[in-house]
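Rule-based calculations on the coordinates, nothing more; no lab input. Because the structure is a prediction, the values reported are computed rather than measured. Neighbour counts are summed over all protein chains in view; Cβ atoms, including those assigned to glycine, are modelled from backbone coordinates with ideal geometry.
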Amino acid sequence: MDGNGRWAQQRSLPRTAGHREGAKAVRRVVQACSECGIEVLTLFAFSSENWRRPQWEIDVLMKLFAATLRSEIRRLDNANVRLRFIGDQRAFSPTLQNYIVKAERRTAGNTGLTLVIAANYGGRWDVVQAAQRVAGEVVAGRLQPDDLTPEIFHRYVSLADVPEPDLFIRTGGEQRISNFLLWQLAYTELYFTERLWPDYAAADLADACAAFASRQRRFGQTGEQVAGAAHA
Ligand code: IPE
Ligand code: MG
């Protein structure tokens, strides 16, 4: 979700106004995903590198995060949304950690959209925390190093229990992954748009889905193999 600051600068507003407008875009996009039957939506809300921003901006982002969670949880729960958080939450204030735990508990049984918020998340952190846990299994004698495969390793990364992402959307014109779900994006279709996040609307999501639908996903096979399997 990139472009909040630029959206505000274009209007001679403080960057924080862009973040507030970005929170409204989150509400719109979550609703659009729920309505069109998307199973899992993961939003990169705050990266492990965002701590490098000015302290006042971090403070505003944390307040907005807590306030949005508090004000939206009832609406999300009523919409049958299951909330999940990935990332190292120990860095957050006890109040915010408490909101996170409560939001997850309250919506755990919901069967609609799974909404994953990546907060203090980094793709490299994710791989390292998985490696630490795998190393623990080896030390405990439950796993031999030679028995480790990508499939087994996958069980230890975040989101191992949901399907791998089909589509990655980055707003704001930059064309990079910026340490998002590095392991999980191995076969994900990448889609980049100039649209700034606060302007992102259901129509933009529909454009991204249409672009996705026009791609042929080969997963290492040839185009002929994939086309043949589709006709079989
Ligand atoms: C993304 O918008 C929001 C967060 C990282 C929290 P930016 O704040 O990165 O917006 P730009 O890139 O300055 O426009
Ligand atoms: Mg940015």
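The distance between label points at Ser12 and Glu137 comes to 5.9 nm (points 7 Å beyond Cα on the Cα→Cβ vector). Between Gln97 and Leu148, the contour length at 0.36 nm per residue exceeds the alpha carbon distance by 15.0 nm.
For the range 4-214, the alpha-carbon radius of gyration amounts to 1.06 times the rule-of-thumb value 2.2 N^0.38 Å expected for a compact globular protein. Each of Glu164 and Asn50 was given a label point 7 Å from its Cα along the Cα-to-Cβ line. The distance between the two points is 2.7 nm.
Which value, in debye to the nearest 20, gives the size of the charge dipole of the chain about its Cα centre, when Lys and Arg are +1 and Asp and Glu are -1 at the Cβ?
Values: 29 positive and 26 negative charges, 192 e Å.
Dipole about the Cα centre, nearest 20: 920 debye.
Shape class of the range 154-226 from the Cα gyration tensor (axes a ≥ b ≥ c, square roots of the eigenvalues): oblate, since a/c reaches 1.5 or more and a/b does not exceed b/c. Residues whose amide H comes within less than 5 Å of that of Thr114, counting only those at least five positions distant or on another chain, are Val40, Leu41, Arg82 (H built at 1.01 Å from N in the peptide plane). Using just its DSSP H runs of length 4 or more, each adding -39500 (n - 2.57), the chain gives a mean residue ellipticity at 222 nm of -15000 deg cm²/dmol after division by all residues. Per-residue 3J(HN,Hα) values for the range 203-214, derived from phi via the Karplus relation 6.51 cos²θ - 1.76 cosθ + 1.60 with θ = phi - 60°, read 5, 5, 5, 4, 4, 5, 5, 5, 4, 4, 5, 8 Hz in sequence order (x marks Gly and Pro). For the range 147-158, backbone phi angles converted through the Karplus equation (6.51, -1.76, 1.60; θ = phi - 60°) give residue-by-residue couplings of 7, 6, 10, x, 5, 5, 4, 4, 5, 9, 7, 4 Hz, Gly and Pro being listed as x. Between the range 169-230 and the range 48-92, what is the C-alpha centre distance in whole Å? So the separation of the two Cα centres works out to 25 Å.
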